[in-house]
Amino acid sequence: MAAAGTCGTGTRSTGSMVAAASTNNVTSFQRRGPRASGADSGCSRLVSIAGTRPSVRNGQLLVSTGLPALDQLLGGGLAVGTVLLIEEDKYNIYSPLLFKYFVAEGIVSGHALLVASAKEDPADILQKLPAPLIDDSYKKECDEDVCSHKMEPDIKMKIAWRYQLLPKMEAGPVSSSRFGHYYDISKRIPQELIETSKWHGFFLPEKISSAFNVESCSLTPGYMKLLQFIQNIIYKEGFDGSNPQKKQKNILRIGIQNLGSPLWGDDICCTENCDTSHSLTKFLYILRGLLRTSLSACIITMPTHLIQNKAVIARVTNLSDTVVGLESFIGSEKETNPLYKDYHGLIHIRQIPRLNNLIYDISDVKDLAFKLKKKLFTIERLHLPPDLSDTVSRSSKQDLAESTKLLGPGCGMTAGGKKHLDF
């Protein structure tokens, strides 16, 4: 009985301790609870910004480049606060398409835009943006393209096994995802979307004056004016976070065309040892500092093939976060090469940003090519056509026979052949 009474007393004491703990909100999950709620609130805060998503690798906030295949190559998209440098192709035909995709994606996603150019008025650039495609219409376009370029079954079986084991690129949109859209380059974006969007234009001939002097900062007048314009937009609109925006948080997309060209007053493309060789690098250094402390992402197209000083190109690459190069087949030997007849150029992922990591993220795909179709700009893995010949050609047989005669029966004999294998 005493034991039972002691046990009952222990039970009552344990019950009172649990009740007291529940009253004081002290449980075994006390330390983990705030972290879970904090993570949920952080996730909801990232998702609350339209047209963005957190990276599955490092949690960095991402925006789409307007080309889902390029997003996939860059690790999910373009990180907020970073610079995407597009190395223009030789004749500047395909790089403006990537620029327009980036700007059009901003309009569709409801982001604020800042378009800067020294060649074309930003208002005219917006009028030439491609029209967005709905998922159903894109699937129809893909089906038509697949039917027109469908391979024969027997030919498909003869493709090298190394190509069959490679993972496939993203071919179509995911209907449930709002991150990234597809566009029809044969149509123009609806005027209603442009009117409802919020954008700022910087046209260099209208912003700069001949009396503007910036000798003290060693920057060209065009670069100085553009930096001031970007800084004012970031601070006034509250993208830096110091002045909370009245409405919901938004992303500022910055697009700069033909940076470094003589149109910006920079002679870096004219001579190898120019007086303003450091002006471009200083501009990129200050620009990246503004982006790091704001909800903004920037795309820059630059004619790097015109820059004669290779050291400047290396510094520009180091000051950029993501570098993508376009190599067009126009005017080159590859244009008439039958191996590249199905493509219009090569795309090189030269650099992927290192964010919250100790090592660089290297793309696992090296052989990439792009193709400009009637309505779409696609990025594909470079697949060379298979060799379907079952026998060696007659000329190669004769050369092989002559080399065999000249070699002789022994390795020690001296042969007088002219072939590379003759010794």
Legend entry - Integer Hz, Karplus 6.51/-1.76/1.60 couplings in order for the stretch 277-289, x for Gly and Pro: 5, 8, 5, 5, 5, 5, 4, 5, 5, 5, 4, 5, x
Legend entry - Violating pairs (Cα-Cα greater than 30 angstrom) within the set LYS90/LYS375; LYS128/LYS371; LYS90/LYS207; LYS207/LYS366: LYS207/LYS366
Inset, instruction - Could you sort out which of LYS119/LYS373; LYS198/LYS282; LYS282/LYS341; LYS310/LYS373; LYS100/LYS341; LYS119/LYS187 sit more than 31 Å apart by Cα distance in this structure? - result: LYS282/LYS341; LYS310/LYS373
Legend entry - Heavy atoms of ASP124 accessible to a 1.4 Å probe, total area in Å² rounded to 10: 80
Inset, instruction - Take the Cβ-Cβ distance between THR271 and LYS119 as r, set R0 to 22 Å, and report the resulting FRET efficiency rounded to the nearest 0.05. - result: 0.55
Inset, instruction - Would you please give the residues with an amide H less than 5 Å from that of LEU133, counting only those at least 5 places away or on a separate chain, with H modeled from the backbone geometry? - result: TYR182, TYR183, ASP184
Legend entry - Heavy-atom accessible area ranking, 1.4 Å probe, most first, across MET224, MET302: MET224, MET302
Inset, instruction - Please work out how much accessible surface LEU306 shows to a 1.4 Å probe, ignoring ligands, DNA and RNA, in Å² rounded to 10. - result: 80
Inset, instruction - Roll a 1.4 Å probe over the protein chains and send me the accessible area per residue for the stretch 254-333 in Å². - result: 38
Legend entry - Exposure of LYS310 as accessible area (Å², to 10), given a probe of 1.4 Å and all protein chains: 140
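The values are calculated or read from the model by the stated rules, or taken from the named source; none is laboratory data. Note that the structure is a prediction, hence the values are computed from the model and not measured. For neighbour counting, all protein chains shown are included, and Cβ atoms are generated from backbone atoms with ideal geometry for every residue, glycine included. What goes into the accessible areas is simple: the full protein's heavy atoms, side chains included, and nothing from ligands, DNA or RNA. Shrake-Rupley method; radii C 1.70, N 1.55, O 1.52, S 1.80 Å.
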